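S.K.: Just dropping this structure here.
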Amino acid sequence: MKNADLKRFAKQNKSEIGVFALLVILFVGTALASDIFLTYQNISSICSGLSYYGIIVAGAGIVMIMGGLDLSQMSAMAMGVVLGGQVLLTEIPGAPVYAILLQIAVGTVCGLINGLIISYVKIPPMITTIGTQYIYRAIAFIVVGSQSFWIDNKVYKTMGFGSFLGIPILLWIMLVTFIIVALIMRYTQFGQNVYAIGSNEQAAKLSGINIIKTKITAYTLSGSLAGLAGVLWMAQLSASKPSAGQGQEMLPLAAVVIGGVALTGGKGKHIGIMFGIMLLMLLANTMTLMHLNTYLQQLCQGLILIIAVVAGIKKDRRQLDI
Amino acid sequence: MSIIESETKDMQEIILEMKNISKAFPGVQALNNVSLTLGKGEVLALIGENGAGKSTLMKILSGAYRQDSGEIFFKGEPLKDYSPAQAIAKGISIIYQELNDLPELTIASNIFTGNLPRKGPFIDYKQLKLDSIEAQKLVGLGDLHPFERVGELKVAQKQLIEIARSFVRDADIIVMDEPTATLTNTEIDVLYKIIREFTAKGGSVIIITHKLEEVFEIANRAMVLRDGCNVGEWAIKDVTKDQLVQAMVGRELNRDNALAPRDFGQVALKVENLSTDFLKDISFELREGEVLGLYGLVGSGCDVLTRCVYGAEKFDTGTVTLPGGCVGLSKVTPGKSLEAGVAFVPSERKMEGLLLDQSVRINTTLSSIKDFVKNFVISFSKERENAQQWVETLATKTPTIETEVNSLSGGNQQKVVFAKVMNTNPKVLILNEPTRGIDVGAKAEIYHIIEDFCKKGVAILLVSSEMPETMLLSDRIITLCDGAVTGEFVRGQYTQYDILHAVIGGDEK
């Protein structure tokens, strides 16, 4: 009996288990090959990078499970970073609280705009969010020019460099957020609707699901999470600049796909997405420790992405054959 | 022209012969020993009800399907195991009802797809333009610029472009599937003229049609299929319209299995003056416990009408009223209809009814998920219990409720759809093709489920393209033709012949 349960679990979580196995192999391999890898300093540096990306991919995962796409997250985050930074610089009492709220609010509005365009004007998500990717980034640059600001604020510093129970606070924030998102996806009507739309939008509509509301909510959430990720980004780098996250727009997408989300939507879990981003972060660290340059790192990231997609397609084909 | 010519054509050589063709799909014998011959220069009309096997036969001819048994001879030589591309190369060209044009490309590119004139590795646009004008002249479109986008053209013109494409490929046989369904009278005249010119030059045409006037206008011979069998073949001069209708209908249906007589309750659904740019001023009432069948040939508007009632498609004027007071204006969405007690089983089960890659459980509770939510959290145990119950009640054959519906058979998939809609406790149930692609045994089970619904007082609006099914289940039948109601028939007070007459247009006998 137990054996059968285990088999079913393995069958239903094939892609998640696959990525996890890769993750373990890479972790053990790097630990054996490098003396520095297992030092507290190195691990916590991986974790702080993982923190802000983890929140970004949580949002990217929602829209991609729905069969959508959000390529504007990094720009929305940058807009929040710039505006939040300006608030911190005023040094009014309570500035950090306002800054944090403002960053999340800016992301939320950016996401809401995406959602409105996609569901009402009916422009495909890829086009819409490429467009807003440019627009949000441009606004960030227009607000402050190309200046960077040094952020020297106690709250942000504690967030960025403090730890609780030996674990960096950044990582705590990410983990809690990520778990909440994963629970929403699994246990709420909204989450189930997202899966339904990703599986078959037409059937979902005819089954009475409010497509427009669900889509807008999903994109808005994705934006809010991008805003929150900006808070972590600023805390970690003690800086506010309009180029935050520039050039990294595709990385969340790669992590989500590697984590087992079908490109057409409907399939995939947040736990897999978490493994996906961990794998990419770990890979980057491993390669840095091995003194490989960034271009080689990108080459490997690209390869892993393609392999993940090919594996996914093969699986889908097998299903269609039945 | 017909009498003398068709007599001479009897003497002519046979270009195509399909002998004893049989083809089965899971649960359905689509064709049973069907034979067809086609002479050089002849126009053969292939007629029959929905699902009689016309399209299957033509798909076999085109190479899209392979027959289970039987032989095909083309110009006296056997044709075996060929692809659609090979059929085209040999000279068999099919123009489907859903046109296969490439709307973004030019007229010239459409006509010469696959054999564009070339100079070395490059397309010779000058030559293409000249060739295209020649080809366009053949179908009376000589004054259109060859480099105009096909997407800009009218349907009739697109159809002529497809015919031109068949001409440049030197087709010996052109099959046309309902070519006049969307054409105006003048456009039809142009089409007839082209067909006559083509046959005068020795080409042969098979025309699939629902319009009997058309058969008498253009065809030399008519062949009738029913339930996948040959039922008759006549030279046009030897047959009357009545004879053809009789042949299409066949023997009277056995009505013993009909639903038991019931008393109907209150009015459950009222549709008044519903119109779109296609549907014309449709009104009807449906009572609790009653089954109302909408029947029409393909494209008559039955499917569209049910979608309008459900709110899946917008309509321009008219109202849809439920006793709860929900008035269906153009603002209604499927979600609101469900709340008001109207449930919908779509005709395309896989495309519109199910989340194929999700489990039986998720599909079962898809429309009623909010009943399983407490404090924003879905209760999986309640969900499982519910799905399990439906699996037992409907005797759905599935390994577990967590199995993806993908791997179930058509009948069992349909049971999952029924469970989904039943979970919403509908007062009105719209059924579109409830037994499409389902084997005979499962059909009977579905009929029982429908009967149970009626007993509970659910009002049912049924659309089925199978006439026997519609007659079997419906207490009342409303016929549609070209988006308008053409007749209303109460159980026991009509013959199959009456209905077929009404759906063809309901005019003169």
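S.K.: Where the eigenvalues come from the Cα gyration tensor of the stretch A:37-321, what are the semi-axes √(5λ) of the equivalent ellipsoid, largest first, in whole Å? Provide the component values of the computation, followed by the final result.
M.R.: Working: eigenvalues 179, 113, 59 Å².
Ellipsoid half-lengths, sorted descending, are 30, 24, 17 Å.
S.K.: Quick one: compute a quarter of the convex hull surface over the Cα atoms of the stretch B:43-129 and quote it in nm². Display every interim value, and only then the final one.
M.R.: Numbers: hull surface 34.1 nm².
Result: 8.5 nm².
S.K.: Probe radius 1.4 Å, ligands and nucleic acids ignored: give me the carbon and sulfur share of the accessible area of chain A as a rounded percent.
M.R.: Values: 10730 of 15300 Å².
Here carbon and sulfur together make up 70 percent of the probe-accessible area.
S.K.: Across peptide B:349-355, how many C-beta atoms of other chains are within 10 Å of each residue C-beta, on average?
M.R.: Numbers: counts 1, 2, 4, 8, 5, 4, 11.
Taking the mean over all residues of the peptide, I get 5.
S.K.: Kindly compute the accessible surface that chains B and A hide from a 1.4 Å probe when together, both sides summed, and give it to the nearest 100 Å².
M.R.: Values: alone 23570 and 16380 Å², together 37840 Å².
Between B and A, the summed buried area is about 2100 Å².
S.K.: Could you tally the net charge around B:Thr364, taking each other residue with its Cβ under 9 Å from the Cβ of B:Thr364, Lys/Arg +1 and Asp/Glu -1? Working shown, then result.
M.R.: Working: positive: B:Arg361, B:Lys420; negative: B:Glu383.
Cβ neighbours under 9 Å give a net charge of +1.
S.K.: For the stretch B:13-161, treating each Cα as an identical point scatterer without solvent, what Debye log10 I(q)/I(0) comes out at q = 0.10 1/Å?
M.R.: -0.47
S.K.: Among DSSP bridges having both ends in the protein assembly as shown, what percentage is antiparallel? Round to the nearest 5. Don't skip to the end; give the middle numbers.
M.R.: Details: 48 of 82 bridges.
Percent antiparallel among DSSP bridges in the protein assembly as shown is about 60.
S.K.: By what distance, in whole Å, do the Cα atoms of the protein assembly as shown stretch along each of the three principal axes, largest value first?
M.R.: 101, 77, 54
S.K.: In the calculated pair distance distribution of the stretch B:329-388, what percentage of Cα-Cα distances lie above 16 Å? Numbers along the way, then the final one.
M.R.: Values: 978 of 1770 pairs.
Result: 55 percent of Cα pairs exceed 16 Å.
S.K.: Largest first and in whole Å, give the semi-axes of the stretch A:203-251's equivalent ellipsoid, each being the square root of 5 times a Cα gyration tensor eigenvalue. Don't jump to the answer; show the numbers that get you there.
M.R.: Working: eigenvalues 228, 25, 10 Å².
Here the semi-axes work out to 34, 11, 7 Å.
S.K.: For the ranges B:39-48, A:130-139, A:217-226, A:26-35, what's the packing order if you count other beta-carbon atoms within 10 Å of each residue, average per peptide, and put the highest first? Walk me through the intermediate numbers first.
M.R.: On the way: B:39-48: 23.0, A:130-139: 18.3, A:217-226: 27.8, A:26-35: 13.1.
So the order, starting with the most tightly packed, is A:217-226, B:39-48, A:130-139, A:26-35.
S.K.: Given all pairs of different Cα atoms, what value in angstroms does the Kirkwood hydrodynamic radius of the stretch B:372-451 take?
M.R.: Working: mean 1/r = 0.0732 Å⁻¹.
Kirkwood radius, the stretch B:372-451: 13.7 Å.
S.K.: Give a quick list of GluC sites (Glu not before Pro) in the stretch B:342-401 that DSSP marks as loop, anything other than H, G, I, E or B, with at most 16 other Cβ atoms within 10 Å. Could you put the intermediate results ahead of the total?
M.R.: Numbers: sites: B:Glu348, B:Glu352, B:Glu383, B:Glu385, B:Glu392; in loops: B:Glu348.
Filter output for the stretch B:342-401: B:Glu348.
S.K.: Please state, rounded to one decimal and in Å, the Kirkwood hydrodynamic radius that chain B gives when every pair of distinct Cα atoms enters the mean of 1/r.
M.R.: Working: mean 1/r = 0.0396 Å⁻¹.
Result for chain B stands at 25.2 Å.
S.K.: Dimensions of the stretch B:153-249 along principal axes (Cα, Å, largest first)?
M.R.: On the principal axes, the stretch B:153-249 reaches 39, 27, 25 Å in Cα extent.
S.K.: Which aspartates and glutamates, if any, have their Cα less than 20 Å from the Cα of A:Lys154, not counting same-chain residues under 8 positions apart?
M.R.: A:Glu91
S.K.: So, one more: Can you compute 3J(HN,Hα) from phi for each residue in the stretch B:196-212, using the Karplus curve 6.51 cos²θ - 1.76 cosθ + 1.60 with θ = phi - 60°, rounded to whole Hz and x for Gly and Pro?
M.R.: Karplus values, whole Hz, x for Gly and Pro: 5, 5, 5, 6, 4, 8, x, x, 10, 10, 10, 10, 8, 8, 9, 9, 6.
S.K.: Report the Stokes-Einstein translational diffusion coefficient (µm² s⁻¹, integer) for the stretch B:170-222, Rh taken as the Kirkwood radius over Cα pairs, at 10 °C with viscosity 1.306 mPa s.
M.R.: Working: Rh = 11.4 Å.
Reported coefficient: 139 µm²/s.
S.K.: Then there is this: With chain A treated as a Gaussian network of Cα nodes joined by springs under 10 Å, which of A:Met250, A:Met159, A:Met79 yields the largest mean-square fluctuation?
M.R.: Taking springs between Cα atoms under 10 Å, the residue moving most is A:Met250.
S.K.: Any lysines with Cα under 29 Å of the B:Lys126 Cα? List them, leaving off those in the same chain fewer than 8 positions away.
M.R.: Within the straight-line cut-off, B:Lys126 pairs with B:Lys90, B:Lys137, B:Lys154, B:Lys158, B:Lys201.
S.K.: Could you tell me which of the pairs A:Lys11/A:Lys215; A:Lys122/A:Lys205; A:Lys267/B:Lys397 are separated by over 27 angstrom between their Cα atoms in the structure shown? Working shown, then result.
M.R.: Working: A:Lys11/A:Lys215 30 Å; A:Lys122/A:Lys205 15 Å; A:Lys267/B:Lys397 24 Å.
Exceeds cut-off: A:Lys11/A:Lys215.
S.K.: What whole-number volume per residue, in cubic angstrom, does the convex hull of the C-alpha atoms of the stretch A:1-155 give? Can you show the working numbers first?
M.R.: Numbers: hull volume 31.0 nm³, N = 155.
Hull volume over Cα atoms, normalised by residue count, gives 200 Å³.
S.K.: Another question, then. Which translational diffusion coefficient, to the nearest whole µm²/s, is obtained for the stretch B:325-481 from the Stokes-Einstein equation, given a Kirkwood hydrodynamic radius over C-alpha pairs, 10 °C and 1.306 mPa s? Don't skip to the answer; put the middle values down first.
M.R.: Details: Rh = 16.3 Å.
Once the numbers are plugged in, D ends up at 97 µm²/s.
S.K.: Per residue of A:189-199, count partner chain C-beta atoms within 10 Å of its C-beta, then hand back the mean as an integer. Mind showing how you got there, number by number?
M.R.: Working: counts 7, 1, 1, 9, 2, 0, 4, 7, 1, 3, 8.
Per-residue shielding by partner chains comes out at 4.
S.K.: Give me the net charge of B:Pro78's neighbourhood, meaning all other residues with Cβ under 11 Å from the Cβ of B:Pro78; Lys, Arg count +1, Asp, Glu -1. The partial results should precede the final answer.
M.R.: Numbers: positive: B:Lys19, B:Lys75, B:Lys80; negative: B:Glu17, B:Glu71, B:Glu77, B:Asp81.
Summing Lys/Arg as +1 and Asp/Glu as -1 gives -1.
The values are calculated or read from the model by the stated rules, or taken from the named source; none is laboratory data. These figures come from a predicted structure and were not determined experimentally. For neighbour counting, all protein chains shown are included, and Cβ atoms are generated from backbone atoms with ideal geometry for every residue, glycine included. Remember, those area values only see protein heavy atoms, side chains included, never the ligands or the DNA or RNA. Shrake-Rupley method; radii C 1.70, N 1.55, O 1.52, S 1.80 Å.
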